[in-house]
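Participant: Below you'll find the structure I mean.
The values are calculated or read from the model by the stated rules, or taken from the named source; none is laboratory data. Treat the numbers as computed from the prediction; the structure is a model and nothing was measured. Please note: Cβ atoms are built from the backbone with ideal geometry, for glycine as well, and neighbour counts cover all protein chains shown.
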Amino acid sequence: MSRGVVPGVLSLQFSIPGGPELLIILLIGLLVPLVLGYFVYNDATARGDDNAALWAVVVAGLTAVTFLGGLVALAIYFWQRD
């Protein structure tokens with residue numbers, strides 16, 4: 001018997017993520033923008049901002065598209081809210 005690589009083990013080490021890993025990444029990618037948008041909406045309505053829905057959509061949308069853009073929008077919201 002040769003001492004080498006066990007067939008099947010090598011293919012498992014270099015596989016493309018597909019099952020639970022991809023599902024977890026997608027859920028985190030959807031959950032973070034929704035949580036940030038919800039936080040911004042609740043904060044803006046508590047402060048009496050007329051544009052609460054707009055801020056929530058902008059922050060959640062930019063976070064979903066580009067995470068850095070969402071953080072910039074969140075920083076701008078915190079800066080302008082007084």
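Participant: Out of all the residues in the stretch 5-15, is one or more within 30 Å of Leu54 (Cα to Cα) and at pLDDT below 90?
Facilitator: No, the conditions are met nowhere in the stretch 5-15.
Participant: Can you tell me which residue among Ala44, Ala75, Ala53 is more than 25 Å from Leu26 (Cβ to Cβ), surrounded by fewer than 16 Cβ atoms within 10 Å (Cβ to Cβ), more than 18 Å from the chain's Cα centre (by Cα) and at pLDDT 95 or above?
Facilitator: Ala53
Participant: Which of the residues belonging to the stretch 39-82 are polar (S, T, N, Q) and assigned to a loop (DSSP other than H, G, I, E, B)?
Facilitator: Selection gives Asn51, Thr66.
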